[in-house]
Each structure stands twice: as C-alpha cells, then as structure tokens.
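The values are calculated or read from the model by the stated rules, or taken from the named source; none is laboratory data. Note that this is a predicted model, so its numbers are computed, not measured. All Cβ positions, glycine included, derive from the backbone under ideal geometry; neighbour counts span all protein chains shown. Ligands, DNA and RNA are stripped out before the accessible areas are found, and what is left, the full protein with its side chains, is counted by its heavy atoms. Shrake-Rupley method; radii C 1.70, N 1.55, O 1.52, S 1.80 Å.
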Amino acid sequence: MAATLDQLFVQLLHGMTAPLPEAIRPWVALAISLGAILAVFGLCFGITTVCERKAIARMQNRLGPNRVGPYGFLQFAADGIKTLTKEDIVPRTADQVVHFLAPLALLVPVVLTFLVLPFGRNMTAMDLEVGLLFFFAAGASTELAVFMAGWSSRNKYSLLGAMRAIAQMLSYELPFILSTIGVVMITGALSTTKIVEAQAAAPGEWLARWHVFTPWGLAAFLLFLIAAFAESNRSPFDLPEGESEIVAGYFIEYSGFKFALFFMAEYLGMFSSSGMAVTLFLGGWTAPFAFLDWVPSWMWFFGKLGVLIALFIWVRGTTPRLRMDQLMDFAWKFMLPLALIILPTAAIWHYAGRGWLGWLVTAPIVVGAYVLLGRSLVGRRRIRQRSYRYAAT
Amino acid sequence: MLGIGLIKGLAETGRNFVGSYLDPDRLVTVEYPEERLPVKENFRQFPFLVFDGEKADIGLRCVACQICEKECPPQCIYIEKSKDKKPDHLGKPQFYPAVFDIDISVCMSCQICVEVCPFDAIKMDQQFELSTADRFRGLLLTRDRLAKPNSHFQAIHPRDAAEIDMRRVDERAKAEAKAKADAEAKAKQATAAAPGATKAVASTPKPAAAPANEGAIS
Amino acid sequence: MNPIVPHLIVAVLLFAIGMTGALARRNAILTLVGIEIMLNAANLSFVVFWRFGPNPDPQTGLMFALFSIAVAAAEAAVGLALIIVLFRHRRTTSLDAADSMKG
Amino acid sequence: MPSHGGATAKVPTEAGAPRGPDAYRLTAGDNEYDDGSLLEISMGPQHPSTHGVFRMDVVLDGETVVKLKPVFGYLHRNHEKIAESASYLAAMPYTDRLDYFCSLTNNWAYALAVEKLAGLQVPERAEFLRVITAELTRLQNHVCLAGFLMQDMGASGTPLMYGFREREKILDLFEALTGARMMCNYMRFGGCRCDTPPGWLEEVRKVVDRFPRFLDEFENLLSSNEILMARTQGIGVLTRDLAINAGITGPVLRSCGVDYDLRKVDGYGLYPKFQFRVPLGDHGDTYDRYMMRILEMRESLGILRQALDAIPEGPILDPKSKLRGFRPKPGEAYGRIEAPKGELGFYLISDGSPNPYRYRIRPPSLINLTVLEDLCLGHNVADTVTILGSIDIVLGEVDR
Amino acid sequence: MAATGDSAAGHRLNLDPNEFGTTSESSASVETLEQILPRMKVAIPGVTFEVVPNSAPGAEPSWLVDREHALSAAFFLRDDSTLRLDYCSNVTGVDWPERTIKVKVRKGEPGAEKEVEETRVVPGYLEVVYHLYSMAAKHGPVVLRVRTPGRGNDVSLPSLTPVWRSCELQEREVYDLFGVHFENHPDLRRLLMWEGFKDHPMRKDYVPPDDYEYEPTPHDEILEKAQARLARREASS
Amino acid sequence: MSPIFYFLAMLTLGGAVAAMSLRNPVHCALSLVVTFVGLAGVYLGLGAHFLGLSQVLVYVGAVAILLVFVLLLTRGSGKDEFDERPDRWWPALGVGGGLGGVLIAVVLAQPGLALRTAPPELPTVRALGESLMTDFVLPLQVVGVLLTAALIGAAVLALSDRRRTPQDSGPVTSREEGETRR
C-alpha cells in the first residue's frame, strides 16, 4: 500500500505513455511531466500567495485576506481573474519586442529548472547526469530576462532596478554555485537523483545522512539558502523591486497578465531554489528517520519544501532591506570566502571519516570562519549597538 | 555575532504570529461591516438640529441667529432667516430658519457650531455611514434631514443631554416663574381692571410639562 | 549525407558572420561580440570533430572546447574592462576614437 | 572629468557657510549632464516613500546622490490666509490639519500663542490634560515614525503595523476624550474644551502600563537588527553646528548632541513639575535619530505616569476666556512648544479685531528639511529615503 | 503673566524666570538693550535701532533695524559673546498696507496751542520679523524687524541666510507669499506656489481668483462668479 | 540530420546575423544570447551535455550579462556608428564572405571526411573530471592561472580612480555629560 502510494504518480505516467510508440514515449512523458509541474506549482503559487499574505498579516497582528472563499483562501483566484482581465499597458516609448519577450524569457528558464528536481522516488522529469548544472544554467538565464524587462521599459526606475538585479544576481550566483560544490564532492555526482539517494539512511541506520547534519553541510545549506533569497529577489534582498526606493524596479511598467507572470516567476524561482536546497541538503524525498520510510516520498519532498517556503515568508515579514553596497559586500566579502572555506572543510570531513573526528575538526573551522568574517564585515563599518546619554539638568 | 539581531527579530515576529491567535490585545482588527466597535459617547461626526417635542417643523430650537454660520471655519452652513415669527413648541413666537443647509462634503466635524450656539440647537450626530451616489445633493443636508428629536440627542450623548435638559428646565422654570409673576401682576391689574382674562393665564403652563418628562426619561 | 558537413557549414557561416561584424562594427563592444561569435564557431567545429571524428581519444575535443570557453570568458572580462577604461577616458566606446596612444 | 567631482565636493564642510549659487543650480540644460553618465530622477510627488506629496529632484551618479532639490507646495492651501480671514477660534480646527498625526500638540501651540497674546491663564487640571494628551500624541507620533522609517527600509510593514496597533489604542483614547481620532480640536484659549469622560484616566493608565512591553518588543525586533544598524549607522550625519545654524529642532537636533528641549528650556505648561530626562545622541546619524524617538517615548511614559498620579480636580477653562466675540487687544505674541517633530511656533499679531491680523506657523517639518540635501549628498539613493524618513515630516505641515 | 515693564530700555533678553519657573542657568546672561546698544553702535557704525513696543501681555518688544545694516547687525547678534543668538527660529513676513491714523497734535501759536485731531497717512510697507534664540545660552527671544521702503513689486531686503541657514526656506516662503526679494539669498525661488504664479497671496490686497473652486456647491457665490467669468470669456471669443 | 538540428542551426545563424547587424547594441547583445543558446542546443544534440550546459552557464549567465552591463555603463556613448561609416560594411562583407566561401568550398570538397560511424561512448561527468585531473591537469592549471590573472587584471582596469570615502563621524564631544544607557 505504502509502495503504491509512493509510486502513484510514476505508475500513472507509465500507464499514460505505455500505449505510445517507443520513439516518442520519452518526449510525451516529458511533456506530461512538464504539464504536471506547471499545474502543481501553479496551484502552489496561488496557495503560497494567500498563505504568505495571511502569515505576514498574522505576524503583523492583522487578519489578512478573509473575504473570498473560506478564510479568504480563494483570494488567489480572485487575484488571478483580476490580473487576467486587467488592461495590458505598454509604455509608448518602450522597446515593444523586448518588453513583450521579457516575462516569457523569465518564466521559461524558471519552469525548466523544475525538470531536474526529484520530487519523489523515481519522480524526476528529466533525470540528467548533469542535473545540477542544468539547474544552474537555466537559473542563470533569468538574469537576462530581468535586464530585458528593466531596460525595455524606458523608465529610470526600472533601469535602476535592472542594474541592481543584474549586479545582485551575478554576485550571488557565485556563492549559490560554490555552496553546492561540497555536496557534489561528497556524493561524487551531478545528478540530482544520485545526490538524494546518497543521503538516504543506509540499512541499519536510524538517522538519514542528510548533508545538513554535517558542519560543512549546515553552513553550505545556510549559504545556499541566503543566496537563494537573493536569487529570487526576496526580502531582505528585494532591492531590484525596492518599492520604497525605486518604486517597483524592473517591472514598474508591467501591468495585467505580464505583471502576474513576473510575480509567478518570482514565486516559481523561490520554489525551485527551495526544492534544490531540499534536494542537496535536506535529503530530498528521503525520510529523516528510518522508521518513517513508509510515508510516501513525494510527501517528504513537499513537506520540506513547505517548511522552507514558510522560512522565506517568515524572513520577509521580519527584515528590512539591505542597501546595494552592503548587499555586494555581503556577497563578496562574507559569503564567497565562507563558501570557499567550506569546500576544503567538506574534503576534510570526507577524509576524517565522517564521524566524531570530522565534527571535531570541521566544526571549529566553520564556526571560526563565520565569526571572523562576520566580525570583519561589521567591524569595518563600525556597526554596533550604541549607548546613549541624557542631558544633565 | 552576526545574525543574533536577526534571530531576535525572527523570534519577535514568530511570537506575534502565535500571539495574534491567542492574545486579543495583539489582534486589534475589527471586521467592520459585521463587527462594530461601540460608539464612544464623545464621538462626533456631522451636526444635526435638535427639536423638542414631536414635530420637527414646530419644535426646532434654532432661531436662525446665524452665529454658527459666521463661526463655521469652512463655511459649510447656509441659513436663511425667516421673515415671520412662528410659535415654537412652547407657543412662544420665534424666528426660525427658513433654510438651514449643511454641506457635509465641506464640513470638517469640528464642533465649533455646537460650541458657539447659544440655544443648544445644533449638536453633533454620530451617524457616519453617509455615503451616497449623489455627490452634491446627497451630501447637502437640508433642514428637514438635519432635524432630529431631542430623544436622539439623549440617546447618543446622554451626559451632555442630561445636563442641557436640566439647564433648560431650570431656565424654563425661571422664565415660567417670571412669566407667572408677571402674569399674576398683570392678572392683578387685570382683575382690578376687568374680569375674563383668566384664559391667558391657564394656557401657558401646559406645554412646559412635556420637556420635563423627556428629561426624566433619560 | 555525411553528418559532419552541415555542422561544419554552420560553423563556417558563424565564423564568417562574426568576422564580418567584427570588421564592420565600430562599437568596441560589438567588435568583441563578433570575436565571441568566431570563438563559438571554432568551438562548434571542435565538438563536431570530437563527435564524428575518427580520433580514438574520447575526450580531447570536448576538453578543448571546455578550455576554449574558459579562455573566452577571461577574454570577455578583460576586453570589457578595457572598454570601460576606454570609455572613461574618451566618453565613447567607438573604436575610431581610440586612435592615439596616450589616453 | 567634471561630472565625477560632484559626490564628495559638494558636501559642505563648514557648517552654516552660505553655499554659492552653483550649489543650487538644477540640472536642466546643464552641459555637465549631457553625456548621460548622470541620472536625473524625480522622486515624488507620487513616490511611495515620500510620506505624502513631497518631491525630491535627485541627480544620481550611478546610485550616488550628487544633487537633491526638494520641491514643496503640492499640499499648499494657504492655511495662514484662511486663518487670517476667520476668527481666532475658527483657526483652531485648522491647526489639527497641520501635522495631522499630532493634532493635539498643534492645538496646544496655537492655544499657547493666543493665551500669550490675550493674557489668559490655564487652570491646573487643563494643564494636566494638555500634558497628558501631548505626551500621548508624542508616543503615537514616534511609534508611527519608527514604523514608517522601517517601511522605507522595506520591512514589509511589520514594524509599521506594530506601531499602528499601539497608535490605535491611543487614538481610541483621543476619541473618547475629544470625539475624534485625528482631528481632535480639543484645546481652547485658556483651557480645554471638555472634561474627561468617566473612567478615561484609568484607560490612559492601562495604555501607559502596557506600552513599555511594546517598546521592548519593538527594540527586540529592530534596534539590534544588523540590517537596520548597517542601513542607518553613519548615514545622513548631521553635525552639531550645522544643526543649530539651520534651526533644526526636536529629536533631529538632539540626535547630534545639542541639549535643547523646549519642555526644559521654556518650561511651558507644567513641564517643570515633571521629572524627565532629555536623551542625546553622539553621532547625528539616522540611527541616532531613530533611537532618540525610542528613548523619548520611554521618557514620555514617565511623564504620563507622573501626570496621571498628580492630576487634580477642578475647572478646565479660564473663566475669562470666551468663545464668541473673542477680541484680543492689539499686540503680538510668539508661542512655541516642543511638538513631537520639533519646535512648533505660532506668531500672532492682533489689531484688536476678531480675526488675527497676522497668523504665522513655524512648522518644524519644513525647517528640518533645510538640511535634507546636506544629509543626502554622497549617499546612496536608498539612503535618501531613510534620511527623509528619519527627519520625520508631515506634508500637511510642510506645505500648509 | 508678568509684564516686564513698559520701558523698552528695560527689556530683558531672557524670558522672565517667574513666568515659566525654570532655566536658572540663563539668569547669568540677562542684559538690557541699553547695555547692548553701545557695543552694537561700536561694532556697526551707522546702525539705527528703534524699539517697537508690544502691548500684548507677553510684552516682548522688538527691535527695528534699518535694512542697510540688517546683515551686519544679524552677524553681530549671532557672534556676540554674551548674546550668542545662534538660532533663528522663525521668519515671518507681515504686510502693512497704507493706512490712515488719527493723531492728536498740538497746534497753533505758541502759547495758544490747541489740541487738534489730525489724520495722517502712514505709508505702507512690508516687514520681515525674525525670532532669535540662543541654543548655547538658552535665552531668547530677540525679535528683529526689518522693513522695506514700500509695498511695490520689487522691494528688497538683505537676506539673513548667510547668518542663519534656517532662514533659507522661510525667506523663500516670505518671497513667495509676500513678494519681498532677498538680496544674496542663495536660492530665491518660490517655495509653495508654483513657478509662474504671478501674485503674492499673503498680501492684504490680494484678490483670490474666482475659479479656484469649480465644484458646484448649492449656495456658491464662487460658482456664480466663475460662470459669469466663463460667459464673459465665451462672449469675447 | 534531424529537423531539430536545422532549427537550432537557423536559430544560431539568425541570432548571429542579428547580433552583427542590428542598430541597437542592446538588441545585438540579446541576439547574441540567442546564438549562444542555439549553440548549446547543438552541443546537447551532439551528446556533449556538460559542454552545452557550461556554454549556457558561462555565455548566457556571465558573458552576455557582462556585455549588457558594460553597455549600460557606457550608455549614452554618443551616436550610432552606422551613421559614421556605412562604407565599412562592403569590405567587411567581402572579407567575411570570401573567407566563408573558401571554407565552405573546402568542406564540401572533402568527400572523404573521416567519420566515426558508431557514436562515441558519451563521457560521464566523472570521467570528464578524472581526465581533467589526470591527462589535462597542466592545461587546467594554466587556465586557472589565466582566469585568475584575467580576473585581477579586469578588476584593476575597471577599478575607478575615485573612491568614495565613507564620512566618518567621530563622537561629538559635548560639555554636558549625563548618565549612560545600556
């Protein structure tokens, strides 16, 4: 029963493609998977927007959307209808072609990144040997789309937003990729499926071998997550949008459905990078404890994804936005060195036998590097808590 | 260490997230059309005209002295004084406002008309759901729409109303006593002069009983 | 037809286009673009020969292309930095303006 | 390279030194900007962070501010002229609309000026009520300011909503006392309009007692937040000399270490009777300006507690004052108070008629904006937003 | 409120301590105008000073300075070691249109004088009032007045912005609303009204335009005026 | 050959032509991206997965972005160069066309181009990595040094000579010293 449930969607896909001729079968399977991904994550996008609004509202002691549907949970449908029926306004001076293509150029690569994510056991749409590389290659193309949007709008704010977006995404690309190299080194594979399988509990072990349970893995996970915040332009790295500074940044001149596409791309990007974080560090679809193996694998994946999304929302409800130069400093002077330190740490972990000795050697390195880099980052700008005096009367 | 402040902040928002479900002090939102806050007694919205007794066209306290029109900061009151005098609900002939309009699209609810009115004739209402599709006529409150009975005033501002009613009863009692004394003096003169003048004496005290009752209700 | 031929023709055309552009455009950035296109054409021929060539070594062609990509990236970075410096001195990126030795 | 000198060269070094006409040149038609390396953007009047209809014409080099010109007047309604053609009393509700966050302190400043002009005395209970309402006003203003500042930094509204949550409780108190939440129109020449409703002071005490917990939460959330500190420390540094010379007042002035609080200096109202301290900053940057507000709120709570303990019974209006036919003798008076945003002054000239002959407001928001360009030059465009937010302006008062 | 005497010479700089009950430290710097004036005369030769009394109960008299010496007088007030009026709080314009006043004059032959009431025309002028305080010594206010010679459209006064930066925006406002040109003001533009606005609205003889309010309110004289104007325009065109 | 190849070839060549002939430099850069993506598709079709994805990652993710970034940095750099020298196109076309013609002729004139009939065994990433670390370790080192040198060189070149010094605000000394909080 558990196995059936686990392989439910795989069997379903198999059943649908079985009658087809051999030559086109993988292509049809890919198309069906893509459709399923779009449907599932499109729905996820809708639900996440509502959940985010409700959660942030609760953090701010408000109620949030509560008019459409039960507890306001159909708000996303209302929003969707609204954006679909809204007039699409294109500035007269805009570069019409590029302006039109930008949302598509943003959405397509983002959707492609989902193809290599293992959603469950045997549930990878495109099980490439170089899956991780595919993920980063597709993700890297989104920067250009953001630039296209900002540049083609012929708006000074959107141009500023585009410049910010490029600089930011380019800078965070490095720690984003570097933080995963450790995983690649340890598992010896670029294939996402193999990375997940390497993290499953070995027979007889009660705890899974998630990379996040190691010192270097934890640090790399946090780095990856922070870089993912920046790559998906989420608070506190939402400078390209920066509504209080540059109004809405690169999509200031978009309205109606195109705006919704940007919005959707942002959320899908958030899902895909969270999904990759789950795959790389949180064991993908594996259960944390061996005795929980009976839970269907895709449930694990989506559960972990949900936790990470909640974290994204939580952080958004809390932090103010960084400034551009601070953002750059953080990427180049903190995250990049730390990612570079984590690489040899992972190697040490491997050769120290992945046990208590590994902990003993690598944990101090990671913590020490973190503290030192953090101190140098803050100390150079003399950022500290202050004490205040009162006038003598 | 870097990040401590952020974690503190995250803990704070997390606490508020949970607290908004548990602590009514945190979740202060009122879902307005379904849920309403009790209106505070001092709350003021737009002015209305108080009338005594049952009928608005008789009992209006306003005597069209036009002080409020002059003092109104945004000049939203428009009064035309009547040419003739009409008996008020006590029977005393008074001027009355032939036209009394308040343009509530201009009115800023400052209550200065209420303060300067020497006759307690204009008071602040508490009705705030006044939206209308007609921007001009719908927001111009004429005398008939402005006139509301004293019982309405007593209902919305009980403390003020009680005080004012008391004062008015006192004043009226004084006036009555004076009138009575005058009348008696007159009657004495009249009885001395000619009989048959008792009619006038009997007619005065009767209506005075009504407002006194109203005061007692509140 | 020999599958190597159409691939090579694409590479040749790409190279010719890149060369034409690099020679014709005056904007330094676009000249660089032309050079990039030419490099890519060369890469393509490497890959084609790796894929269809009789060389028993399975990876040399790939490796060559890989290194070529890395070198191209370095070349682009340095070239663009040079263009920025040029721009800073001349307020233009036209190559015609850069006709004297002293900035 | 003429365009590159701008960022650092234009920051005035000598405080108060008059700047040459070059510093005031706007960019239109300037050859200097023709090469396209500078970006001229107009922040406002519909920009989300300008707190209303304020506008800044900003010239950017990359994202660095090279020049910044504030543009005023989008909310101008010539309040002074309106007041001069109306009676003294009729101007009182208009003062609510100056700084619409702090109508009660505006009332007080105007009432104080008229009382000085006409020689009216304020009964003690009315003075206590004035102090209580003014300090409550200060609390809710500072709370919202801190929230808006964070909003300008992109904090998704969380601190702002916390501020509004607390402000809501204070506005409820105002509504119960004065009948309106924002446009209170409460003070009268020689006292206050009406006495407290039953149980009001207990309600105030409840709010005051709960407020410190909120302030602690606020500080937990923000004051030690690394991003906040990085965004505000060392940003928009106002020097002491420039602040004094430019007539900066209020928390902005005290953040650069100048001990000048009118509650202490003039000792108007009953403030000499209360124990409170004046917090001072040492750096004059945005963080200090933010912290000044937080610390002042704690002091205000102390004043409120003392006032609630000591408030006597008694009349609330000077018997000499009258509502109708108020005609002060000819003369002039300048009354000023420490409003939450700085020194709010009213200058009145009477010619013996029922209308003021000259009615002038000294708006703290406007004058604090004098140094806006000095604070912003050389900083990032994102910093102009926080600097503007930390100066704390309300356009109703700036443009009048 | 204690009036500090009618004699202007006895005008104290700081606020009467009895009046507000605090600021003990400032009592050291009490100085009368009599003490200051000689120093000022030495520092600025040729300055004329006149004390304008104030009959309000607060009784803060003000000093009228001639416009030629206003700037140097302002520098003196700011930099003088006892005065240290480093803070200019408020800058106000006041419009005094031409007015007639009745004065009683003794007239006639010496020895046989008669008191005759005479009407006299006071020429109009614009006045700028500065309220000065000291943040260093915590005293004040000193009220400084400067008057223009007339009420024309090009009257000018020296700008005090070089002395106090706080005058920058306020002098612009006075220029905007009253039409006083400030010489050497670094950035004399309109502040609140828009560029291209012709009149100066705070002047007493300003006539508001009849079309600023166009919404038809039921008892609107303005509407009638606007309609009449519109009809005139249509008729003329 | 499969139609996919022809489609990709058209895409690549069309992008290249556009990149070299469009007036707006930003459009050129964006067309160049089309070329890169098309080439990556061709590589994938040839079985060079790693190379194709590296192509996208490096060219689209880095080089193209760098190009547009520099275009923005040098924006407003004056007139369109088309107006200046339209005559340059003819010699350039001549050279390019001539070279292309010669090369195509050479390609077509080689009927006996050696052809591996069976597709080579697709190398795994692991095999690639291993050969990088063994056979090609020297070139790898050289490329590493080259990249580092290029990075430093580019940074040094592009480093602006004006550097904004953060205004440092020392504490304002004040005469009245009160108590200290926290």
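Within the range B:76-87, does at least one residue satisfy the condition of being in contact with a helix residue (DSSP H, G or I) (Cβ under 8 Å, 6 or more places away or on another chain) and within 13 Å of chain D (Cβ to nearest Cβ)?
yes
Restricting attention to the range F:18-35, which residues are in contact with a helix residue (DSSP H, G or I) (Cβ under 6 Å, 6 or more places away or on another chain) and among the aliphatic types (A, V, I, L, M)?
Those that are in contact with a helix residue (DSSP H, G or I) (Cβ under 6 Å, 6 or more places away or on another chain) and among the aliphatic types (A, V, I, L, M): F:18, F:19, F:20, F:22, F:26, F:29, F:32, F:33, F:34.
Is it the case that some residue within the range B:118-138 is more than 14 Å from chain D (Cβ to nearest Cβ) and touching an Asp or Glu at 6+ places or on another chain (Cβ under 7 Å)?
Looking through the range B:118-138, none of the residues is more than 14 Å from chain D (Cβ to nearest Cβ) and touching an Asp or Glu at 6+ places or on another chain (Cβ under 7 Å).
To keep it simple, each residue is scored yes or no on (1) aromatic (Phe, Trp, Tyr); (2) under 25 Å from residue A:194 (Cβ atoms); (3) in contact (Cβ under 8 Å) with a residue 24 or more places away in the chain.
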residue: A:284; (1), (2), (3): no, yes, yes
residue: A:298; (1), (2), (3): yes, yes, yes
residue: A:316; (1), (2), (3): no, no, yes
residue: A:352; (1), (2), (3): no, yes, no
residue: A:372; (1), (2), (3): no, no, no
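Would you mind finding the one in B:202, B:161, B:192, B:187 that is assigned to a helix (DSSP H, G or I) and modelled with pLDDT of 80 or more?
When all the criteria are applied, what remains is B:161.
Residues that are more than 28 Å from residue D:230 (Cβ to Cβ): which helices (runs of 4 or more DSSP H) entirely in the range D:328-400 hold 3 or more of them?
Output list reads D:364-368, D:395-399.
Is it the case that some residue within the range E:102-111 is open to solvent by 10 Å² or more (accessible area, probe 1.4 Å) and touching a residue at least 40 places away in the same chain (Cβ under 8 Å)?
Within the range E:102-111, not a single residue is open to solvent by 10 Å² or more (accessible area, probe 1.4 Å) and touching a residue at least 40 places away in the same chain (Cβ under 8 Å).
Yes/no per residue for (1) crowded, with 19+ Cβ neighbours inside 10 Å; (2) over 24 Å from residue A:166 (Cβ atoms):
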position	(1), (2)
F:22	no, no
F:48	yes, yes
F:52	yes, no
F:57	yes, no
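Taking the conditions exactly as written (more than 14 Å from chain A (Cβ to nearest Cβ) and modelled with pLDDT of 90 or more), does residue D:185 satisfy them or not?
no
Can you pull out the residues in the range D:267-298 that are basic (Lys, Arg) and either touching a helix residue (DSSP H, G or I) at 6+ places or on another chain (Cβ under 6 Å) or without any contact (Cβ under 8 Å) to a residue 40 or more places away in the chain (or both)?
D:273, D:277, D:289, D:293, listed by residue number.
Kindly establish whether residue A:244 is part of a helix (DSSP H, G or I) and on the phi < 0 side of the Ramachandran plot.
Answer is yes for this residue.
Check D:385, D:394, D:371 and return the single one that is at pLDDT 85 or above and facing chain E (nearest Cβ under 10 Å).
Checking each option against the conditions leaves just D:371.
Go through (1) surrounded by fewer than 12 Cβ atoms within 10 Å (Cβ to Cβ); (2) at pLDDT below 80; (3) not polar (S, T, N, Q) and name the single condition residue E:140 misses.
(1)
Hey, can you tell me all the residues within the range D:114-152 that are of a type outside the set (A, V, I, L, M, F, W, C), touching a Leu at 6+ places or on another chain (Cβ under 9 Å) and in a helix (DSSP H, G or I)?
Selection gives D:116, D:124, D:127, D:130, D:133, D:135, D:137, D:140, D:147, D:151, D:152.
Quick check on residue E:151: is it touching a residue at least 24 places away in the same chain (Cβ under 8 Å), touching a Gly at 6+ places or on another chain (Cβ under 6 Å) and open to solvent by 10 Å² or more (accessible area, probe 1.4 Å)?
Taking the combined requirement at face value, the residue satisfies it.
Name every residue in the range A:240-258 that is open to solvent by less than 10 Å² (accessible area, probe 1.4 Å) and within 8 Å of another protein chain (Cβ to nearest Cβ), in order of residue number.
Hits for the range A:240-258 are A:242, A:244, A:245, A:246.
Here is a check on your reading of the model: is residue B:92 open to solvent by 40 Å² or more (accessible area, probe 1.4 Å) and facing another protein chain (nearest Cβ under 9 Å)?
So residue B:92 does not fit the description; no.
Condition test on residue A:181, is it within 14 Å of chain F (Cβ to nearest Cβ), in a helix (DSSP H, G or I), touching a Phe, Trp or Tyr at 6+ places or on another chain (Cβ under 7 Å) and of a type in the set (A, V, I, L, M)?
no
Which ones in the range A:268-309 are more than 13 Å from the chain's Cα centre (by Cα) and among the polar types (S, T, N, Q)?
A:286, A:297, listed by residue number.
Just for the range A:290-316: of the residues that are at pLDDT below 85 and surrounded by 18 or more Cβ atoms within 10 Å (Cβ to Cβ), which one is farthest from the other protein chains (Cβ to nearest Cβ)?
If we take residues in the range A:290-316 being at pLDDT below 85 and surrounded by 18 or more Cβ atoms within 10 Å (Cβ to Cβ), then A:296 is farthest from the other protein chains (Cβ to nearest Cβ).
Please go through the range A:109-124 and pick out each residue that is touching a strand residue (DSSP E or B) at 6+ places or on another chain (Cβ under 9 Å) and either open to solvent by 10 Å² or more (accessible area, probe 1.4 Å) or of a type in the set (A, V, I, L, M) (or both).
Residues satisfying the conditions are A:115, A:116, A:117, A:124.
Matching residues to (1) among the polar types (S, T, N, Q); (2) within 14 Å of chain D (Cβ to nearest Cβ); (3) crowded, with 18+ Cβ neighbours inside 10 Å:
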site: A:64; (1), (2), (3): no, yes, yes
site: A:70; (1), (2), (3): no, no, no
site: A:73; (1), (2), (3): no, no, no
site: A:87; (1), (2), (3): no, no, no
site: A:96; (1), (2), (3): yes, no, no
site: A:107; (1), (2), (3): no, no, yes
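Quick one: which residue in D:318, D:309 is within 13 Å of another protein chain (Cβ to nearest Cβ), on the phi < 0 side of the Ramachandran plot, out of contact with any His (no Cβ under 8 Å at 6 or more places or on another chain) and surrounded by fewer than 24 Cβ atoms within 10 Å (Cβ to Cβ)?
The match here is D:318.
So residue A:354 fits all but one of (1) crowded, with 17+ Cβ neighbours inside 10 Å; (2) in a loop (DSSP other than H, G, I, E, B); what number is the exception?
The single condition residue A:354 does not satisfy is (1).
Going by the conditions given, is residue A:326 within 9 Å of chain D (Cβ to nearest Cβ) and open to solvent by 60 Å² or more (accessible area, probe 1.4 Å)?
The answer is no for residue A:326.
Output the residues belonging to the range C:1-31 that are more than 7 Å from every other protein chain (Cβ to nearest Cβ), of a type in the set (A, V, I, L, M) and closer than 22 Å to residue F:51 by Cβ.
C:11
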